[in-house]
Amino acid sequence: MFRLQGSKVLAVDMTGDGVKAKNGSMVAYDGQMTFKKLTGGGEGIRGMVTRRLTGEQMTVMEVRGHGTCWFADRASEINLVSLQGDKLFVESSNLLATDAGLRTGTTFTGLRGASQGNGLFTTTVEGHGQAAIMSDGPAVVLRVSAQYPLTVDPGAYVAHQGNLRQSFQSGVTFRTFLGEGGGEAFQIRFEGDGLVYVQPSERNTIAGDL
């Protein structure tokens, strides 16, 4: 259903089923399609409340029909993630599209919050199906194991999946050595067993300082 055309365009072939995608990301379609704007990334009243509290907003549209839709967003690199009943944690700004059957919501990530001021909550995607996530430059998928925990700069973090514990470490960030930034620096630490997606280009924001 999901396939890449190059590294920056997602093609979704539909035979009566549907896809949820970031609003405004569709660049072309053929066949017969119907479009519906959805209220946001989380489902139900709780999702609406958490979005209002945290600003973790996703304007989403649902596309259904027969044919092919093509999606892209600001020439970002696109990565396909296959979910087999597990859960994907992803920054809302990095989520391009999901199978319509996947459940989306929000989850509390700790007092340090999600990276780069995107809110104290991170978007979750779970179920069986495919999701397309975006990165600024080709994403690198890093394995975390019990023997090898991983520490990530929040500006480079995109998403993670698997049985991972996430914590926030105060102190020196990678960029402190370059004399950048002020305020309280932090990093994201992952322990357990799973995968972390990072992007080579950091977000043009506060980048690791709160």
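The values are calculated or read from the model by the stated rules, or taken from the named source; none is laboratory data. Everything quoted here is computed from the prediction, not taken from an experiment. Here the Cβ is made from the backbone with ideal geometry for all residues, glycine too, and neighbour counts use every protein chain on show. Keep in mind that these areas ignore ligands, DNA and RNA; they rest on the heavy atoms of the full protein, side chains included. Shrake-Rupley method; radii C 1.70, N 1.55, O 1.52, S 1.80 Å.
Annotations for the structure displayed:
- Any chance Glu43 is within 21 Å of Val90 (Cα to Cα), surrounded by fewer than 18 Cβ atoms within 10 Å (Cβ to Cβ), of a type in the set (Asp, Glu) and modelled with pLDDT of 75 or more: no
- Complete set of residues in region 77-97 that are open to solvent by 20 Å² or more (accessible area, probe 1.4 Å) and assigned to a strand (DSSP E or B): Glu77, Asn79, Leu80, Ser82, Gln84, Gly85, Asp86, Lys87, Phe89
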